[in-house]
Amino acid sequence: MNTMKKSLTSLLVAGMVAGTGFAAVAADEVYTLRIQTHYAPETVSGKLAGQFVDDIQTMSNGQLKIEMFYSSSVVKSVETFDAAATGILDGDMTGGAYQTGKNPAFQFVGDIMGGYDTPWQQYAWLYNGGFEAANNLYNKYDMELIGWWVYGQESLASSKAIKGIADLKDFKFRSPPGLETEIFASLGAKPIVMDFTEIFTALETGIIDGADASGLANNVGLGLYDLVKHATYPGFHSMPSDHLAINKAKWDALPEHLKRIIQVAMQKLAFQTAMTFEIKNTEAAAKLRAAGVTLHNWSDEDRATFRTAAQNAWQGWADKTPEARALVDSHVKFLTQLGLIQK
């Protein structure tokens, strides 16, 4: 009997080893992803990115390591996507709107200006029919879209009061490239495209009157309100979808369980980003008011004027490429479904 038990035990152990041999070998291999973000590590978004890295490395038990490069320390923010696509980096954690020169369609996965009111609405589009159309665009350029982290409406930082549409006349401000420059120019402003990392110096030297940089709390982290004393809040004009996009060949080479870990960590980052900024922006607003910064909440009428100008501009961009048309039509359909656009 003892001999039989030993034989059965030996067979069971042998079967388990044979059955898990591939997994054991795969688990021994360590993978590394080199990812760049434009955020500084001390900003709210930078700290959230750090938690994202820790989540992945912990859940993978060290099998997947992330080297995060903050403050666009390897290449300029706008160059991050191509650096990842060509293997200089492995991942881009900036935003699709930086790539509108490559294809106008990236505007509508990067910053759907004058569209959604909240991060949750924007996430809803992505995970309810939008992801396939978006990822088809990324795959065209040898990248894989993993997900978004949306911190909510941005706030303009300014050296002068921007109380409404009338105050945009001749307003010189830092703008990201793309659709935003056209919308603001049509309303009388003078947008100047410059890299994210150049904003502080440009404000300090008076090259610009203000900046479209980030949300209120991130702007505080960047030190913008040490230089200027006006801000729009709550925001109205821009709600960027910062993304994680990974070199497609690098992504395809990852084991399925590591892909799933990254995807789950990304969705946690998305949730944490929207929730954290709801709190952080409210706290920042109170502190800025106490410090003498004036916050300007635009009227419904001025907001409606901006939204109309933005959505009119969408259609011109949609006609530029088939990918742009597909994405604009998808957004319009979903926004109509939500009641944010009337038929």
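No value in this document is a laboratory result; all are computed from the given coordinates. Since the model is a prediction, treat every value here as computed from it, not as a measurement. For neighbour counting, all protein chains shown are included, and Cβ atoms are generated from backbone atoms with ideal geometry for every residue, glycine included.
Extent of region 220-343 along its three principal axes (Cα atoms, max minus min coordinate, largest first): 53, 38, 26 Å.
Amide H to amide H distances under 5 Å link residue 156 with 232, where only residues 5 or more positions off or on other chains count and H is placed in the peptide plane. Close amide H contacts of residue 65 (hydrogens built in the peptide plane, cut-off under 5 Å, sequence separation of 5 or more or a different chain): 31, 32, 33.
Remark: region 107-118, residue by residue, has Karplus-estimated 3J(HN,Hα) of 4, 8, 10, x, 7, 7, 4, x, x, 6, 8, 9 Hz, where x stands for each Gly or Pro and the curve is 6.51 cos²θ - 1.76 cosθ + 1.60 at θ = phi - 60°. Dividing the convex hull volume of the alpha carbon atoms of region 157-268 by its residue count gives 125 Å³ per residue. Result for the chain in a Gaussian network model with C-alpha springs under 10 Å: among 152, 129, 215, the largest mean-square fluctuation is at 129.
The charge dipole of the chain, taken about its Cα centre with unit charges on the Cβ of Lys, Arg, Asp and Glu (plus for the first two, minus for the last two), comes to roughly 540 debye.
The aspartates and glutamates whose alpha-carbon is closer than 15 Å to the alpha-carbon of residue 268, local same-chain residues fewer than 8 away aside, are 54, 55, 242. Among the listed pairs 248/320; 76/280; 172/280; 160/190; 163/320, a Cα-Cα separation exceeding 22 Å is found for 248/320; 76/280; 172/280; 163/320.
For region 160-213, the extents of the C-alpha atoms along the principal axes are 27, 24, 14 Å, listed from largest to smallest.
Couplings 3J(HN,Hα) of region 262-276, computed from phi: 5, 5, 5, 4, 5, 5, 5, 4, 4, 4, 5, 5, 4, 5, 4 Hz, in residue order, whole Hz [Karplus 6.51 cos²θ - 1.76 cosθ + 1.60, θ = phi - 60°; x for Gly and Pro].
Straightening the chain between residue 170 and residue 205 buys 10.8 nm, computed as 0.36 nm per residue apart minus the Cα-Cα spacing. Region 299-314 and region 64-117 have their alpha-carbon centroids 27 Å apart. Cβ-to-Cβ counts within 10 Å put 190, 160 in ascending order as 160, 190, the fewest first.
Computed about its Cα centre, the charge dipole of region 226-278 is approximately 160 debye, with only Lys, Arg, Asp and Glu carrying charge at their Cβ. Positive-end ranking of 99, 125, 171 along the dipole of region 86-194, with charges on Cβ about the Cα centre, is headed by 171.
For region 173-183, the Karplus equation 6.51 cos²θ - 1.76 cosθ + 1.60, evaluated at θ = phi - 60°, returns couplings of 9, 5, 10, x, x, x, 4, 4, 4, 5, 5 Hz by residue, with Gly and Pro reported as x.
Fewest neighbouring Cβ atoms within 10 Å first, the residues 92, 117 line up as 117, 92. For the pair residue 88 and residue 192, label points projected 7 Å from Cα toward Cβ lie 2.5 nm apart. With the convex hull constructed from alpha-carbon coordinates only, the chain shows a mean projected area of 20.7 nm² over all directions. Of 43, 58, 276, the sequence from fewest to most neighbouring Cβ atoms within 10 angstrom is 58, 276, 43. By the helix-only formula, in which each DSSP H run with n ≥ 4 contributes -39500 (n - 2.57) and the sum is divided by residues, the chain has a 222 nm mean residue ellipticity of -15500 deg cm²/dmol.
Using Cβ point charges alone (K and R +1, D and E -1), the dipole size of region 187-331 about the Cα centre works out to roughly 360 debye.
Converting the Cα gyration tensor eigenvalues of region 102-221 into ellipsoid dimensions via √(5λ) gives semi-axes, longest first, of 28, 15, 14 Å.
Taking all pairs of distinct Cα atoms, average 1/r, flip it, and tell me the Kirkwood hydrodynamic radius of region 108-155 in Å to one decimal place.
Averaging 1/r across every pair of different Cα atoms and inverting gives 11.5 Å.
Taking each residue as 0.36 nm, the span from residue 61 to residue 308 lengthens on full extension beyond its C-alpha to C-alpha distance by 84.0 nm.
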